[in-house]
1. Which is among the basic types (Lys, Arg), open to solvent by 90 Å² or more (accessible area, probe 1.4 Å), modelled with pLDDT under 75 and in a helix (DSSP H, G or I), of 220, 264?
2. Does the range 230-253 hold any residues that are assigned to a loop (DSSP other than H, G, I, E, B), open to solvent by 50 Å² or more (accessible area, probe 1.4 Å) and in contact with a helix residue (DSSP H, G or I) (Cβ under 6 Å, 6 or more places away or on another chain), and which are they?
3. When you look at residue 87, is it of a type outside the set (Gly, Ala, Ser), in contact with a Gly (Cβ under 9 Å, 6 or more places away or on another chain) and surrounded by fewer than 17 Cβ atoms within 10 Å (Cβ to Cβ), yes or no?
4. Is it the case that residue 46 is closer than 30 Å to residue 229 by Cα and not in a helix (DSSP H, G or I)?
5. Does residue 46 count as closer than 29 Å to residue 214 by Cβ and out of contact with any Cys (no Cβ under 9 Å at 6 or more places or on another chain)?
6. With respect to residue 143, is the statement that it is surrounded by fewer than 14 Cβ atoms within 10 Å (Cβ to Cβ), assigned to a helix (DSSP H, G or I) and under 26 Å from the mean Cα position of the chain (by Cα) true?
7. Given the options 119, 53, name the one that is open to solvent by less than 50 Å² (accessible area, probe 1.4 Å), out of contact with any Lys or Arg (no Cβ under 7 Å at 6 or more places or on another chain), β-branched (Val, Ile, Thr) and more than 29 Å from residue 148 (Cβ to Cβ).
8. Could you tell me whether the range 22-30 includes any residue that is open to solvent by 70 Å² or more (accessible area, probe 1.4 Å) and either closer than 11 Å to residue 228 by Cβ or not aliphatic (A, V, I, L, M) (or both)?
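The values are calculated or read from the model by the stated rules, or taken from the named source; none is laboratory data. Treat the numbers as computed from the prediction; the structure is a model and nothing was measured. Cβ coordinates were reconstructed from backbone atoms using ideal geometry, including for glycine residues, and neighbour counts include every protein chain displayed. In case anyone asks, the SASA skips ligands and DNA or RNA and just uses the protein heavy atoms, side chains included. Shrake-Rupley method; radii C 1.70, N 1.55, O 1.52, S 1.80 Å.
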Amino acid sequence: MSASVLYDAPGPKAVVRNRIYAVLGSLAILALLAVSIVRLSDKGHLAPEMWDIFNYSGIRENIADGVVATLKAFGLAAIGSLVLGVLLAVGRLSDHKPVRWAATGFVELFRSIPLLITIYAVWVGFLTDYSMWALALGLSIYNGCVQAEVLRAGVNSVPKGQREAAYALGMSKTQVMTSVLMPQAVRAMLPTIISQLVVTLKDTSLGFIILYPELLQTARLIASNTQVNGQYPYVSTIVVIGSIYVAMCLALSGLATWIERRGRRAKTGITMAAAAAPVTAADPVGTVVGAGAEVPDGRDGTTN
């Protein structure tokens, strides 16, 4: 039995009680799922005909087009948010007050505005005829502000001695930021950065507000324009489209895990040299570097 400052290990009675609660909670969840399935089945939402619509080539093509449109918007938003995040993070860490204040104001402003409003404002105000770019720009602005805070936290987490050592070597602030601080910040905050990219991928579903034909908009059109047995297949469409979203997010998370593992396996550090042999009384001046090495006698640079 072990305990920590933040958590006391449960005793035998608490362990039994927790297991009972876990079993009861699991049974309650299973009961709710069973009730939901029975109700959906009674209303005909689980009928085979509701799922057979996805065998139609037209619907499959629409879903494929929606996936491609979603990935296009996500790709643009991911690149834009990362670039903007780096610029804003550097601006917030700047020694110049106007630059720091401007970057701080931009970050705090667009982090406070709901993302849906930002996307709609960009679409209406600037890119009415380009819904994909409006969606990507809105996502880039909001997620770029979040990524900026993540990178800033990563830079501040780097030990202060590394920054001081870089300045002592004569490096400029730009060189210190690009060569010393930012690479370590990205490596330290990589899981958080990828997690925010997963959020960016899911937020592409907000493109329906500006009529961008991404995956959720495609699902809405399929469910509202296809009638089976006098009903609209909302349940089957939600399950299928939701599964696609889950698969894409899991793929992105898997990529993050793979990158993180490769980073951990990377060889870092300095190889230690072999220990030097001790200096004997017969050789009080020289230092033996290794077996068979010639040692200067300290008088005229010649070797013994």
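1. On inspection, the qualifying residue turns out to be 264.
2. Result: 232, single match.
3. yes
4. Considered against the rule, which asks whether it is closer than 30 Å to residue 229 by Cα and not in a helix (DSSP H, G or I), residue 46 comes out as yes.
5. Considered against the rule, which asks whether it is closer than 29 Å to residue 214 by Cβ and out of contact with any Cys (no Cβ under 9 Å at 6 or more places or on another chain), residue 46 comes out as yes.
6. no
7. Selected residue: 53, the only one of 119, 53 that is open to solvent by less than 50 Å² (accessible area, probe 1.4 Å), out of contact with any Lys or Arg (no Cβ under 7 Å at 6 or more places or on another chain), β-branched (Val, Ile, Thr) and more than 29 Å from residue 148 (Cβ to Cβ).
8. No.
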